[in-house]
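Working notes, beginning with the structure itself.
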Amino acid sequence: MEASSSSSLSNPSTRAVPGAEASSGVVPDPRRTQERSGRRLYHHGHGEMLLREDLIERLMAVSVEQVEGAGDVRLSREQRKILDAFWIGVGVKKKAHRERLIVQATKAGLYRDPVRLLERLAQLEDSLWLGASLSGCDLGLIVGRCPRVIYCDLDWTAEKVEFLRELLPTVNLKGLIERNPQILSMDLTHTVPAKLRALSKLLPYADVFALIDSHPKLLSMNISSSVSANLRSMRATLAAEGVNEATVEAMIMYSPRILTTNPKTLADRCTQLERACPGAVSEYALKPASLARILTSSERVISRIEFLRENHPDVCLSAVVAVNTSASKFDARFPDFQTWTSSFAEV
């Protein structure tokens, strides 16, 4: 494969989706091409990509020796390099995501064919536009997080996106799909509505759409089982510290990811906070956002409160400020914190 990125030559008039703006997530569209000396020139958000399709076909060809049991393919080092460069070119920034896509290439032919992949990605981009006028979506992020999304029936995907708009009218749909692309492969007629009903039942006073908007992965969780169990445990743990249910719901609205926190971890954080600052849980119950922020912090971060009480009693720093301070700023202000934490690790 020959590929080069030059200064941006993207031509809006050649775009398949009117009004869509180029971004690092917009991939080369096979219909936005020109021929140059027998090569196909693809316009995309980074400039242009020259692909010799005949050369790609030869380089990515799989020999009999590469085929392993169960139909898996052992890719050569050169083939892995080609695929890695390809995914970088279409906007998959995270190495872990690219590695996941390369693993898919050992199992399915589509993921070993850059030309077909470009076609599928362009169709996905069009589906998002046709379904809900979504433009400039980070396709690299979407396919990196959920590789099988390009295996979906993309005509049906447009209808699903349109249905999502009706189902979640106040949710930022672009952000939802980028952060949890698995939604595109879910059953929107039964599964997702059932999850919404379950969330409404669990949290009768909460804005369910706002919860999903700030924490899209809730829709991928088992609401009736794991989420409800986490919520029951959280209510019991906080009730023991004098926190009422209204405060618990307010905490969830401020920090929805607390619903996905392991119940034992949450209980341990409450115990740690009370040990570091007796009465802190009931005190911060008057500030649900602050309490949620503290209880979703790591053990090391919460230990700052105990450290300050023991080593710097003269410093006027509230628990929530101590927790919210960035690691670099806290360590710079209190260089002895590292030594203090190390002494506990050695015990």
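The values are calculated or read from the model by the stated rules, or taken from the named source; none is laboratory data. All values derive from a computational prediction rather than experimental measurement. For neighbour counting, all protein chains shown are included, and Cβ atoms are generated from backbone atoms with ideal geometry for every residue, glycine included.
Worth pointing out:
- Meets criteria (in contact with a helix residue (DSSP H, G or I) (Cβ under 6 Å, 6 or more places away or on another chain) and either crowded, with 20+ Cβ neighbours inside 10 Å or within 30 Å of residue 310 (Cα to Cα) (or both)) for residue 206: no
- Of all the residues in the range 199-237, those that are of a type in the set (Asp, Glu) and over 15 Å from residue 257 (Cβ atoms) number 1.
- Unique residue being over 24 Å from residue 158 (Cα atoms), over 22 Å from the mean Cα position of the chain (by Cα), in the same structural domain as residue 63 (by TED's automatic domain parsing) and surrounded by fewer than 20 Cβ atoms within 10 Å (Cβ to Cβ) when the list is 99, 119, 78: 78
Residue-wise test of (1) in the same structural domain as residue 145 (by TED's automatic domain parsing); (2) under 24 Å from residue 249 (Cα atoms).
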{"site": "163", "(1), (2)": "yes, no"}
{"site": "168", "(1), (2)": "yes, yes"}
{"site": "174", "(1), (2)": "yes, no"}
{"site": "179", "(1), (2)": "yes, yes"}
{"site": "198", "(1), (2)": "no, yes"}
{"site": "202", "(1), (2)": "no, yes"}
{"site": "206", "(1), (2)": "no, yes"}
{"site": "209", "(1), (2)": "no, yes"}
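- Helices (runs of 4 or more DSSP H) lying entirely in the range 238-347 (those with 3 or more residues that are surrounded by fewer than 18 Cβ atoms within 10 Å (Cβ to Cβ)): 245-254, 263-276, 299-311, 327-333, 336-346
- Single condition residue 188 does not satisfy, out of (1) part of a helix (DSSP H, G or I); (2) touching a helix residue (DSSP H, G or I) at 6+ places or on another chain (Cβ under 6 Å): (1)
- Residues satisfying the stated conditions in the range 140-174, i.e. closer than 25 Å to residue 99 by Cβ and among the small types (Gly, Ala, Ser): 140, 144
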